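In what follows, a structure is listed as structure tokens, so that the remarks can point back to it.
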Amino acid sequence: MPELSLFLNPMFHFMVFRGAIVVLLLSLNSLCCLGQSTQFSEESALRGLTSVANHSIWGSGVSTYDWNKDGWPDISLCSNGSAPEFFENNGDGTFNSVSFGITNTSEMRSMVWADYDNDGDADLFVTRWIGPWSLYRNNGNFSFTDVTNISGLGQFTYNLTMGASWSDIDRDGHLDLHIANYNYNDGVTNKLYLSNGNGGFTDFTAQSGVGNGSCTSFQGVFADFDMNGWSDLYLVNDRAMCENALYMNFDGTFSDYSVSSGSNVAFDAMSNTVGDFDNDGDLDIYLSNQNPGNQLLRNNGDITFTNIAVQSAVTVNQFCWGAVWLDQDLDGWQDLFVATSSVDSANGYGYNYFYQNNQNGAFNYTGNSGLEEHFSRSYCAAKADFDNNGSPDLLVSGMEPYLTELWINNSANHRYLKVSLEGTVSNRDGIGSAVRCYSNGQMQLRYTKCGEGHLSQNSQYQIFGLDQATDVDSLTVTWPSGMVDRLYDLATNQTLHVIEGSTSNLVSIPKEQQNRSVICQKGDALVCTAFEVSAWRVYNTSGQVVASSADESVSISHLPTGVYTVIAERNSEVPILRKVLIQ
């Protein structure tokens, strides 16, 4: 029978998912076109992405969320009038079409995966252009139940609905939902639903003040623009009659800072792409538009923004839609991809744009990204490391006859650190967390978002480019709960799965005092002496679940000597997380 030493506080901990450091097979290397001059190569057909989705004008959303959480990003595609398409990553950067039995009754606009009920599996929210939005709860085996009506989200059945985004606006550990509606002057506003903590939602739009009137809204994005720990909301509206809006969150309620911040842009705004492009520790906003050009709103650090698109050379001046920040060359500075729908081959229009970050506030259009050789009409875009080599790739949807494009990054010659999160006190996905990476005297910031850009969702894995560094000085995760996890002296070229609260200082308990602790050993099992536990999960240091139970105790008799992380679920209460040593 194993002997258990239990610690009151969690210890330094990280978890490495399958595929953290992947050596590609020779056949897959040939697909990646390593060593070629182009930065990206279009490889949809080669990798099994045989999409036939009919994408509509204004775009049909794409998602690169890893829905089975095996460390390999998957693909979800909206469609116009037909069923959505789902492609599962085979674990080598190739894909296989799967079906979840989710049908479609009209034009789908966006699909956003999120674990809204904190049960460990990915649920799905869908918006539609003419027809109801839908919330599909994952039953735990990738069969889904439509819970829209019983959850409190089903009051509206006829809306011109566009993008959706999730975040925990009141920091209670449960995800809340914003829905953008494209309804100009007809009395229908955007919606904000507050989680009740039991799988249900309450319409919080009027109390929150973020309805934004009846406007042509494309997408809202939650991000912490003043870094005070509360998720703010930035909204993009199409057409000049509806200005973009910024709602600042200070205590779970919002205040309109659109005018005072200088972010109340009035043009054909299609994408709100948020990221720290200048590595100064705050979040900037890239806004796509048509002529007279896009805007890059640099965060001044005082809840004001300055448009520097012209001096940064990223105006584009075409019909632009989705945009994505990604560190293509892993040098530690985020580059910029911009999708366009311009189709004018006589004047050289008809391709997407890629800009290299010059590390001085400006960007360089290289002209050799590979995108210039591929004529397309693109709308939505998302990023993910599909082949798990550390470099971010791109997924782009286009209007027929230009279908979905999978752009593989060919420049993985620098080092990286990849991070995924699991909340315990905070929401399970860790959405709304600020992740900071310190290496080579430089700090990089990533903020975890769920629904962004133009109707799309990026992978949940945060990638930090590290140039040629062989180690990371430290990584900090500031969770929505306010808890901060710190990890030090990390090797590069790996994936870390960070569990909230797992890096506190150690305080050991002598064996004879174990019966005084909250979690203790009883025979060959772990039990909880102070609370009723509904489920257990025991992780090894590689991030694998090595024991689990839906009973009052969990068996540990089969576990070898070593350190383990234990999470005890307590129905709707905050879970208990402990580090244990089995000898």
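The values are calculated or read from the model by the stated rules, or taken from the named source; none is laboratory data. Remember, it's a predicted structure, so these values are computed and weren't measured experimentally. Here the Cβ is made from the backbone with ideal geometry for all residues, glycine too, and neighbour counts use every protein chain on show. Accessible surface areas use protein heavy atoms only, side chains included; no ligands, DNA or RNA. Shrake-Rupley method; radii C 1.70, N 1.55, O 1.52, S 1.80 Å.
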Notebook entry, point to check: Where a ≥ b ≥ c are the square roots of the eigenvalues of the C-alpha gyration tensor, would you call the range 404-496 rounded, which needs a/c under 1.5, or, failing that, prolate if a/b is larger than b/c, or oblate?
Noted result: oblate
Notebook entry, point to check: Given the Cα-Cα distance of VAL563 and TYR365 and 0.36 nm per residue of separation, how much length would full extension add, in nm?
Noted result: 66.3 nm
Check: What's the Kirkwood radius of the range 298-410 in Å, using all Cα pairs?
Finding: 14.9 Å
Checklist line | In Hz, Karplus ³J(HN,Hα) per residue of the range 106-115 (6.51, -1.76, 1.60; θ = phi - 60°; x = Gly, Pro) | finding: 6, 5, 7, 10, 8, 10, 10, 8, 6, 8
Check: Using alpha-carbon pairs under 8 Å, 6+ residues apart, how would you state the relative contact order of the range 454-505 in percent?
Finding: 30 percent
Checklist line | J(HN,Hα) series, the range 477-485, from Karplus relation 6.51 cos²θ - 1.76 cosθ + 1.60, nearest Hz, glycine and proline x | finding: 10, 9, 7, x, 5, x, 5, 10, 9
Check: When the helix-only estimate is applied to the chain (DSSP H runs of n ≥ 4, each -39,500 (n - 2.57), divided by the residue count), what is the mean residue ellipticity at 222 nm, nearest 500 deg cm²/dmol?
Finding: -500 deg cm²/dmol
Check: Where only protein heavy atoms count, and the probe is 1.4 Å, what is the accessible area per residue for the chain in Å²?
Finding: 34 Å²
Checklist line | Percent carbon-and-sulfur accessible area, the chain, ignoring ligands, DNA and RNA, probe 1.4 Å | finding: 48 percent
Margin query: Could you report the accessible area of TYR402 in Å², rounded to 10, computed with a 1.4 Å probe on the protein chains as they sit in the structure?
Written below: 60 Å²
Check: What ranking, highest mean first, results for peptides 370-380, 546-556, 172-182 when packing means the other Cβ atoms within 10 Å averaged over each residue?
Finding: 172-182, 370-380, 546-556
Notebook entry, point to check: Based on the alpha-carbon gyration tensor of the range 162-311 and its eigenvalue square roots a ≥ b ≥ c, which shape applies: rounded if a/c is under 1.5, prolate if not and a/b is larger than b/c, or oblate?
Noted result: oblate
Checklist line | Largest-first ellipsoid semi-axes for the chain, taking √(5λ) over the Cα gyration tensor eigenvalues, angstrom | finding: 38, 27, 23
Item checked: Per-peptide average of other Cβ atoms within 10 Å, ordering 447-454, 403-410, 302-309, 476-483 highest first -> 447-454, 403-410, 476-483, 302-309
Next item on the list: Among GLY252, ASN237, GLY262, pick out the residue whose Cα is farthest towards the positive end of the charge dipole of the range 231-281, where Lys and Arg carry +1 and Asp and Glu carry -1 on C-beta, about the Cα centre.
Entry: ASN237
Margin query: Rounded, prolate or oblate, given the Cα gyration tensor of the range 70-178, with a/c below 1.5 counting as rounded?
Written below: oblate
Check: Mind checking the dipole of the chain: about its Cα centre, +1 per Lys or Arg Cβ, -1 per Asp or Glu Cβ, Debye to the nearest 20?
Finding: 520 debye
